[in-house]
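The numbers here are math on the coordinates, done by the rules we state, and not lab data. Keep in mind that what you see is a predicted model, and the values were worked out from it rather than measured. Neighbour counts run over all protein chains shown; Cβ positions are idealised from the backbone, glycine included.
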Amino acid sequence: MSRALTNDQRRAIRKEFKGAVNMGPKRLERWLGTKDAKRVGRKEDGNGGESVGHRSGRRIVRILRTKSGDLTDADVRHMRKVVGYVERHRAQRPKGDVTDTAWRASLMNWGHDPLRDGRGKKRGASARLPKIPKSAA
């Protein structure tokens, strides 16, 4: 069984999460409803073909809609997992335009659009939802 998180740990994780997740719940939910969101990511047995990232994205939407005082330790631990994934995946950025890449789509499943700044505003060439070629997923 995991130990309970301290208030300081919870605050620090929430702050990191807010820095890593730059998509609001409506935009993330809209993205998760697309075919491209469902095509990318690692699939695990027993999840009906849903990728780990897609399932995480649905949980992120719930977390974003939950008051911070109502978050469970499990929610905060998931937030820490999201921060770690986003940091690792951003370090693997491919060269060139990433607008329509599986790399961007995978990050978006985890609530981070690399074409948006930390406040969720578009930057760079385009912040439209990616269109992933079937061969890239």
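Numbers for the structure displayed
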{"read-out": "Too-long pairs where the Cα-Cα distance tops 28 Å, listed order kept, from Lys43/Lys67; Lys26/Lys81; Lys18/Lys43", "value": "Lys43/Lys67"}
{"read-out": "With eigenvalues of the C-alpha gyration tensor scaled by 5 and rooted, the stretch 50-99, Å", "value": "25, 12, 10"}
{"read-out": "For peptides 93-106, 66-79, sequence by mean Cβ density within 10 Å, most packed first", "value": "93-106, 66-79"}
{"read-out": "Spin-label pair Glu44/Arg3, simplified geometry with 7 Å Cα→Cβ offset, distance in nm", "value": "2.5"}
{"read-out": "The stretch 1-73 - Debye-derived log10 I(q)/I(0), Cα point model, q = 0.16, 0.19, 0.21, 0.26 Å⁻¹", "value": "-0.70, -0.90, -1.00, -1.18"}
